[in-house]
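Peer 1: One structure follows; several queries about it will come next.
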Amino acid sequence: MDQTVTSAADRKRTAKDSLREFLTFKPSQKVKVQEIILFCRQLGSFVRVGIPVTTAIRTFAEQATSPGSKKIYNEVVADLDRGVRISDAFARHPQAFPAILVDMVRSAEVSGNLDQVLRQAARHMERERAARQKIKSAMTYPVIIACVAFVVAIGIVVFVLPEFSNLYASLNVKTPGIMAALLGFSAFI
């Protein structure tokens, strides 16, 4: 009997803890692309001069400004300390390390040129980010024009066409076919 009460109390405590964990603010673990680019460049430089990967990533964790980045870097270091390969440690965090980076690091582990591959990955991600930025900026103007055109069209249908309807009605003139269709559409809306 006593064990059942304890068990129910434990379940209640566990439910409260689960609810509290669910409701508390959790910082995003998404890492910005620019931060990963910088990470790859610096890690490549550290490896090139002979600094161990775990030491370098531990340094990044200490200097990270976002809690999400700090957590990810610390988890990568913990994985590396347990003997997990770098590529596998990165692969456990797809929100931070893109698949292409993981694959490139995996090939560098085999070939032994991690520093070069990390710098090459940084260049690749930088070009990809720049292309994405160009596409975004190229799409901004057409989207704005489309929105303005939509608002103007709605304004015409809602405000201008009803005035034409009133004008034709007051003049007792037969409405032309196209105008009648537009007025019907305006009345429908």
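Since every read-out is calculated from the coordinates, none of them should be taken as a lab result. Just so it is clear, the model here is predicted, and its values are computed rather than measured. Every residue, glycine among them, receives a Cβ derived from its backbone with ideal geometry; neighbour counts consider all protein chains shown.
Peer 1: How far is the Cα center of region 30-57 from the Cα center of region 66-94, in Å?
Peer 2: Spelled out, the Cα-based centre of one part sits 12 Å from the other.
Peer 1: Another question about this same structure. Using Cα pairs closer than 8 Å and at least 6 residues apart in sequence, work out the relative contact order for region 76-189, in percent.
Peer 2: Result for region 76-189 is 14 percent.
Peer 1: Arranged by the count of other C-beta atoms within 10 angstrom, fewest first, what order do 104, 139, 179 take?
Peer 2: 139, 179, 104
Peer 1: Mind ordering 159-166, 117-124, 57-64 by average Cβ neighbours within 10 Å, highest first?
Peer 2: Ranked by mean Cβ neighbours within 10 Å, highest first: 117-124, 57-64, 159-166.
Peer 1: Calculate I(q)/I(0) for region 33-134 by the Debye formula, one identical point scatterer on each C-alpha and no solvent, and give its log10 at q = 0.21, 0.22, 0.24 Å⁻¹ to two decimals.
Peer 2: Normalising to I(0) and taking log10 leaves -1.13, -1.25, -1.50.
Peer 1: Could I ask something else about it? With only alpha-carbon atoms counted, please give the Rg and Dmax of region 87-146, in Å.
Peer 2: When restricted to the Cα atoms of region 87-146, Rg and Dmax are 15.9, 52 Å.
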